[in-house]
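Trainee: Okay, here's the structure, questions in a sec.
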Amino acid sequence: MDKQTLIEYCLTKQGSYIDFPFAGDNYATIKIKNEKTGRYKIFAEIFELKGENMLTFSTDSELAILLRNQYPDMIIKGYHCPSVQAKYKSSAYLKFFESSLIKQFVDTSYEIAKEKLKIKD
């Protein structure tokens, strides 16, 4: 899956929107917002690192460790994440994964963000 297709997939999620909080348009963050509280969560970060397209996504801490062990050097601790988030966030090199698995990463991360923001379907 290429970077643009991934961004487009993320934006199909209800309530999602794109932001570029860092200089330039090479680091996209995809967020969801609780309209009642004004709080938001990032559920996907899509960027280039050393010429490679990456996705940073959230899981629970056990799944994060499992994925990093199962896919060493393909999934790493969340790039650009503070240490407090490191056990929940992972970064995957897009080139190593089928689109279906990348979509599962996004779907999981989106559901976690919705849950934390207390957004119901």
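The values are calculated or read from the model by the stated rules, or taken from the named source; none is laboratory data. No experiment lies behind these values; they were computed from the predicted model shown. With ideal geometry, Cβ positions are generated from the backbone for all residues, glycine too; neighbour counts draw on all protein chains shown.
Trainee: Within the stretch 75-107, how many residues are over 15 Å from residue 65 (Cα atoms) and modelled with pLDDT of 95 or more?
Mentor: 14
Trainee: Also, quick follow-up: What residue, of 49, 55, is hydrophobic (A, V, I, L, M, F, W, C) and under 30 Å from residue 35 (Cα atoms)?
Mentor: From the options 49, 55, the qualifying one is 55.
Trainee: Sticking with this one: Any residue in the stretch 58-72 that's within 11 Å of residue 87 (Cα to Cα): show its pairings with residues that are of a type in the set (Gly, Ala, Ser) and assigned to a helix (DSSP H, G or I) at Cβ separation under 9 Å, as long as the two are six or more apart or on different chains.
Mentor: Here the result reads 58/64; 58/109; 58/113; 59/109, each pair linking the stretch 58-72 to a residue that is of a type in the set (Gly, Ala, Ser) and assigned to a helix (DSSP H, G or I).
Trainee: Test each condition in (1) closer than 21 Å to residue 22 by Cβ; (2) touching a Leu at 6+ places or on another chain (Cβ under 8 Å); (3) not hydrophobic (A, V, I, L, M, F, W, C) for residue 59 and report the one that comes out false.
Mentor: Every condition holds for residue 59 apart from (1).
Trainee: Restricting attention to the stretch 31-57, report how many residues are of a type in the set (Val, Ile, Thr) and either without any contact (Cβ under 8 Å) to a residue 60 or more places away in the chain or over 16 Å from residue 116 (Cβ atoms) (or both).
Mentor: Here the count works out to 2.
Trainee: If the requirement is being under 14 Å from the mean Cα position of the chain (by Cα), over 17 Å from residue 7 (Cβ atoms) and among the β-branched types (Val, Ile, Thr), which of these qualifies: 102, 42, 46, 76?
Mentor: The match here is 76.
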